[in-house]
Amino acid sequence: MTVRIGVVVFPGSNCDADTLHGLRVVGAEPVELWHEQADLGGVAAVVLPGGFAYGDYLRAGVIARFSPVMRAVSAFAAEGGLVLGICNGFQVLAEAGLVPGALLRNRSVRFAGREVMIAADHDRSAFTRGVPVGRPLRMPIAHGEGCYYADDATLDELERSGQVLFRYVDAAGRPASDPADRANPNGSLRAIAGVMNRAGNVAGLMPHPERASEAILGSADGRPILQALVDSAREHAAAGRRHAPGIAVA
């Protein structure tokens, strides 16, 4: 069963073509959703790609959150629709309050563009099903505001409820214990690279799995993440619903 996945395109998006290609690689039928659209056209899931939406004026993602398409995305998410934000898309989701926490300026105060290692905390979500837990996955980052931040109480709750999806790790799969560790490229608290909301249907990820979807790109380690989203969306569509019971981690 072919599943249609919407890829939002903002003025300043620069990873939309990569995301469209990556989704095709894992068997989806991706469609572009322009930022002025107020309707998602019946897609089974939505991806917000990387880039610099609206030039990232003021701060990353803050203008994009007010776009017509984001009103539609917020309504879709409220009904249980699957939404994944990558890099700038993660920033937009955080600004819109669709995922917990905030993305702050990198601790180095420099733009970070290099390959990193991340590992899945668990495989009990729509975004990590089938992803090898604890195995280092190599993929690139490209951001200036990727330092994940939340207060201690929120971080503790994310840990308890299984909302932490990915962490920055070293080559042996050990999470970067110190925010200054080179394995943690932006100083994210608790080495967090990706989280989801409490309901388990909206997630943000700072590294770029779409840029690591084929070996010819240097790594295919991002492919299982894209596959997890597509498989989950296909399952929801086949069942005639957007949100499948049991996806969220209790």
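Some points to look at:
- Taken over segment 36-78, the residue count meeting the criterion of being within 19 Å of Gln163 (Cα to Cα) and at pLDDT below 95 is 0.
- Top-ranked residue in segment 24-50 [being of a type in the set (Gly, Ala, Ser) and more than 18 Å from Gly81 (Cβ to Cβ); ranked as surrounded by the fewest Cβ atoms within 10 Å (Cβ to Cβ)]: Gly27
- Within segment 6-23, the set of residues being surrounded by fewer than 23 Cβ atoms within 10 Å (Cβ to Cβ) and of a type in the set (Gly, Ala, Ser) comprises Gly12, Ala17.
- Test: residue in segment 67-83 that is part of a loop (DSSP other than H, G, I, E, B), touching an Asp or Glu at 6+ places or on another chain (Cβ under 9 Å), hydrophobic (A, V, I, L, M, F, W, C) and touching a residue at least 12 places away in the same chain (Cβ under 8 Å): no
- Scanning segment 166-182 for any residue that is within 16 Å of the chain's Cα centre (by Cα) and not aromatic (Phe, Trp, Tyr) turns up at least one such residue.
- Close pairs (6 angstrom Cβ cut-off, 6 or more residues apart or separate chains): hydroxyl-bearing (Ser, Thr, Tyr) in segment 10-31, crowded, with 23+ Cβ neighbours inside 10 Å and assigned to a loop (DSSP other than H, G, I, E, B) anywhere: Ser13/Pro49; Thr19/Pro49
- Condition broken by Ala199, with the remaining ones in (1) surrounded by 24 or more Cβ atoms within 10 Å (Cβ to Cβ); (2) closer than 18 Å to Leu82 by Cα; (3) aliphatic (A, V, I, L, M) satisfied: (1)
- Residue tally, condition under 21 Å from Gly222 (Cβ atoms) and surrounded by fewer than 19 Cβ atoms within 10 Å (Cβ to Cβ), over segment 53-85: 0
- Residue pairs whose Cβ atoms lie under 6 Å apart, sitting 6 or more positions apart in sequence or on different chains, and linking a residue in segment 200-221 that is at negative phi to a partner that is of a type in the set (Ser, Thr, Tyr) and surrounded by fewer than 24 Cβ atoms within 10 Å (Cβ to Cβ), are Ala212/Ser219.
- Within segment 95-148, the residues that satisfy the criterion of being among the hydrophobic types (A, V, I, L, M, F, W, C) and over 20 Å from Asn184 (Cα atoms) are Ala96, Leu98, Val99, Ala126, Phe127, Val131.
- Of all residues in segment 142-190, those satisfying the criterion of being among the polar types (S, T, N, Q), surrounded by fewer than 20 Cβ atoms within 10 Å (Cβ to Cβ) and either touching a Ser or Thr at 6+ places or on another chain (Cβ under 6 Å) or at pLDDT 95 or above (or both) are Thr154, Ser161.
- Checked against the criterion of being on the phi < 0 side of the Ramachandran plot and free of Cβ contacts under 8 Å to residues at least 60 places away in the same chain, the candidates Ala64, Ala60 yield just one match: Ala64.
- Hey, Ile247 among the aliphatic types (A, V, I, L, M), farther than 19 Å from Leu158 by Cα and either assigned to a helix (DSSP H, G or I) or at pLDDT below 95 (or both) or not: no
- Within segment 93-125, the residues that satisfy the criterion of being outside any loop (DSSP other than H, G, I, E, B) and under 12 Å from Gly146 (Cα atoms) are Ala94, Ala102, Leu103, Leu104, Ala112, Gly113.
The values are calculated or read from the model by the stated rules, or taken from the named source; none is laboratory data. Here the structure is a predicted model, which is why all the values come from computation and not from measurement. Don't worry about glycine lacking a Cβ; one is built from the backbone with ideal geometry, like all the others, and counts go over all protein chains shown.
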